[in-house]
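Q: Shown below is the structure under consideration.
The values are calculated or read from the model by the stated rules, or taken from the named source; none is laboratory data. Quick caveat: nothing in here was measured; it's all calculated off a predicted structure. All Cβ positions, glycine included, derive from the backbone under ideal geometry; neighbour counts span all protein chains shown.
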Amino acid sequence: MSDLLELIDVQTYYGNIQALKDITLSVGEGEIITLIGANGAGKSTTLMSISGIVPPRAGDILFMGRSLGGVSPNEIVALGISQVPEGRRIFPYLTVTENLDMGAFLRKDKAGVKKDMEHIFELFPILAERRNQPGGTLSGGEQQMLAISRALMARPRLLLLDEPSLGLAPIYVRLIFDIIRRINRENGTTIFLVEQNANMALKVAHRGYVMETGRIVMADTAENLRNDEGVKRAYLGA
């Protein structure tokens, strides 16, 4: 399996505060990778470094072998990386359909956009029912579906998911993780998942990384991480 994404000794700062300390990791084509850790460990910063929102000060990020150094966030989307931010951040006054259209903003293939929107409505029947409703009138779980769908409308090779289950009722948490599996299996989309719910994340992922205070302290298959006593105590409530 070839690496779709590589982070090599990445160091990212907020002013003088170092958030990421020599982060090295890889995401293979077709994988679901999860990054777990406590609040403030640097998980979201890792995703924002990849998407160019908080560019690294040192190290390199390679996507399909190309360095993302100096590449703007909108160019990174055009290359095939879409991020679903923490807190969803949909456009509350735009309809579901208009939100999805915004996800396809950089695309010129109108027939393909229409086909992909139909596929979204198959994946998320509730969004089909609500297609003419403003996004702000949806429930939290429905808004998360919309945020994921909006990102998929860009046809990404790599989907970055930041805390997709945050604040959702248990029934929606299970549904969102089922959808993550399905997107990976049916669309072939590679997924890099940052998630506080480490137990669910490790159930859907192929491999995982554990982050503490800006460093990767552990990397293994998701199954091995789930069975590791230290991971169980720290992140799985066991």
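Q: If Asn74 satisfies all but one of (1) loosely packed, with under 13 Cβ neighbours inside 10 Å; (2) farther than 20 Å from Ser149 by Cβ; (3) out of contact with any helix residue (DSSP H, G or I) (no Cβ under 9 Å at 6 or more places or on another chain), what's the number of the condition it fails?
A: Unmet for Asn74, out of (1) loosely packed, with under 13 Cβ neighbours inside 10 Å; (2) farther than 20 Å from Ser149 by Cβ; (3) out of contact with any helix residue (DSSP H, G or I) (no Cβ under 9 Å at 6 or more places or on another chain): (2).
Q: When you go through Ser2, Ser67, Ser72, Ser44 one by one, which is the residue that is more than 19 Å from Ile183 (Cβ to Cβ) and under 14 Å from the mean Cα position of the chain (by Cα)?
A: One residue alone meets the criteria, Ser44.
Q: For region 119-166, enumerate the residues that are assigned to a helix (DSSP H, G or I), buried (at least 21 other Cβ atoms within 10 Å of the Cβ) and hydroxyl-bearing (Ser, Thr, Tyr).
A: Once the filter is applied, which keeps residues that are assigned to a helix (DSSP H, G or I), buried (at least 21 other Cβ atoms within 10 Å of the Cβ) and hydroxyl-bearing (Ser, Thr, Tyr), region 119-166 yields only Ser149.
Q: Report the residue count in region 91-113 for those that are loosely packed, with under 12 Cβ neighbours inside 10 Å and either outside any loop (DSSP other than H, G, I, E, B) or in contact with a Leu (Cβ under 7 Å, 6 or more places away or on another chain) (or both).
A: Residues flagged as loosely packed, with under 12 Cβ neighbours inside 10 Å and either outside any loop (DSSP other than H, G, I, E, B) or in contact with a Leu (Cβ under 7 Å, 6 or more places away or on another chain) (or both) within region 91-113 amount to 2.
Q: Filter region 125-163 for residues that are under 28 Å from Thr46 (Cβ atoms) and out of contact with any Leu (no Cβ under 8 Å at 6 or more places or on another chain) and give the result. If you could, list the steps in order and put the result at the bottom.
A: Quick first cut of region 125-163, residues under 28 Å from Thr46 (Cβ atoms) only: 135, 140-163.
Those that are under 28 Å from Thr46 (Cβ atoms) and out of contact with any Leu (no Cβ under 8 Å at 6 or more places or on another chain): Gln143, Ala147, Arg155, Pro156, Glu163.
Q: When Ala78 is evaluated against the numbered criteria (1) modelled with pLDDT of 95 or more; (2) of a type in the set (Gly, Ala, Ser); (3) farther than 21 Å from Val217 by Cβ, which criterion, by number, is the only one it fails?
A: (1)
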